[in-house]
1. How big is the Rg/Rh ratio for segment 160-219, C-alpha atoms only, Rh by Kirkwood, two decimals?
2. For Val103, enumerate residues with amide H under 5 Å from its amide H, sequence gap 5+ or separate chain, H modeled in the peptide plane.
3. Could you give each residue of segment 82-92 its phi-based ³J(HN,Hα) in whole Hz, using Karplus coefficients 6.51, -1.76, 1.60 with θ = phi - 60°, and x for Gly or Pro?
4. Can you give the helix-only mean residue ellipticity at 222 nm for the chain, where every DSSP H stretch with n ≥ 4 adds -39500 (n - 2.57) and the sum goes over all residues, rounded to the nearest 500 deg cm²/dmol?
5. With 31 Å as the cut-off, how large is the P(r) tail for the chain, expressed as percent of Cα-Cα pairs?
6. May I ask for the distance between the Cα centers of segment 121-190 and segment 203-243, given as a whole number of Å?
7. Per residue of segment 60-70, in order, report the coupling 6.51 cos²θ - 1.76 cosθ + 1.60 (Karplus, θ = phi - 60°) as ³J(HN,Hα) in whole Hz, putting x for Gly and Pro.
8. Would you work out the charge dipole size for segment 77-121 about its Cα centre, treating the Cβ of every Lys and Arg as +1 and the Cβ of every Asp and Glu as -1, and quote it to the nearest 20 debye?
Amino acid sequence: MEELVRLGDVERAAAGDGLAVWAAQGRDDDRLGPGVRAWRHGGAVAVASPDAQQDRLAIRGDRADAAVLVQRVLEEVGASCRLLGEASLIDALVRRWSVLEAVHHFFWMETTRPSGAAGADTRWLNVREQKAATALFDRYFPDSYAQPGRAGVRRWAGVTGEVDGGAGTEPLAVAADAWSAAGCGFMGGVLTHPAARGRGLARAVSGFVVDALVDQYGRASLMVLTHNTPAVATYERLGMTKRLHRAAHIPARRGRATPHHDRPTARNARAE
């Protein structure tokens with residue numbers, strides 16, 4: 001297992017894979033982000049990213065090499081990480097080790113081209129407007145990882161206006177530049193007030209952020225659950241491509257044992 005200490009090394013080892021590059025949280029000086037570590041073993045790459053909400057381990061590459069690499073990495077950094085990778089790879093790892101449990105499917109979506117869909121009324125919100133958006137999340141999207149005031153969420157774009165004849169303006173639709181890093185911008189927290197839906201505001205505000213990320217980082221990306229069909233369709237209309245990914249973790253009730261300590265069973269001994 002070889003440790004990678006430069007963003008360029010991760011990019012080359014992962015063949016430019018967006019998830020791996022994003023997980024590296026690279027800086028402009030080619031260093032990895034604070035606390036981030038990355039490794040290569042054969043044809044597999046793993047990037048461990050600490051995060052206040054959820055530690056992540058992005059994994060990519062050959063299944064057999066990835067199995068060896070994940071085992072060693074989890075022994076190195078601990079078993080609190082949530083594994084993220086292409087669905088077929090995560091499924092293979094879950095079959096191999098009974099301590100691993102699949103969580104959900106999601107699409108990793110990205111583009112390197114501007115969408116050209118930014119709405120004329122969309123702009124970066126000021127501090128007061130960003131605080132006003134907090135109520136929108138509290139009421140309609142409390143489970144969003146990206147929310148106003150959270151670490152790593154750099155700025156918010158939005159469209160403002162009156163809701164139900166209100167006396168003042170408030171955010172009608174918002175989207176964030178969140179956890180972006182060298183080589184991979186990231187969009188999160190896309191939300192439209194229910195009273196403003198059906199007006200194309202989600203597409204307008206998303207297009208605005210996508211264009212800004214592509215211009216600054218060369219790539220715009222996001223994660224979206226596979227069952228959120230309207231959102232997926234919106235992002236596809238922005239020119240984003242999708243790849244099926246999956247998450248997995250070691251539940252706390254299993255004592256956070258690493259795969260190395262998992263007892264042999266018919267399930268994890270199955271041939272790949």
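Taken together, the values in this text are just the output of simple stated rules run on the coordinates, not laboratory data. Model, not experiment: these values are computed from the prediction. Counting neighbours? That spans all protein chains shown, and the Cβs are built from the backbone with ideal geometry, glycine included.
1. For segment 160-219, the value is 1.08.
2. Result for Val103 returns Ala247, Ala248, His249.
3. 8, 6, 10, x, 4, 4, 5, 6, 4, 4, 5
4. Value at 222 nm, helices only, nearest 500: -9000 deg cm²/dmol.
5. Counting every Cα pair in the chain, those more than 31 Å apart make up 30 percent.
6. Here the two parts' Cα centres lie 16 Å apart.
7. With coefficients 6.51, -1.76 and 1.60, one gets 8, x, 4, 4, 5, 5, 5, 4, 5, 5, 4 Hz.
8. 180 debye
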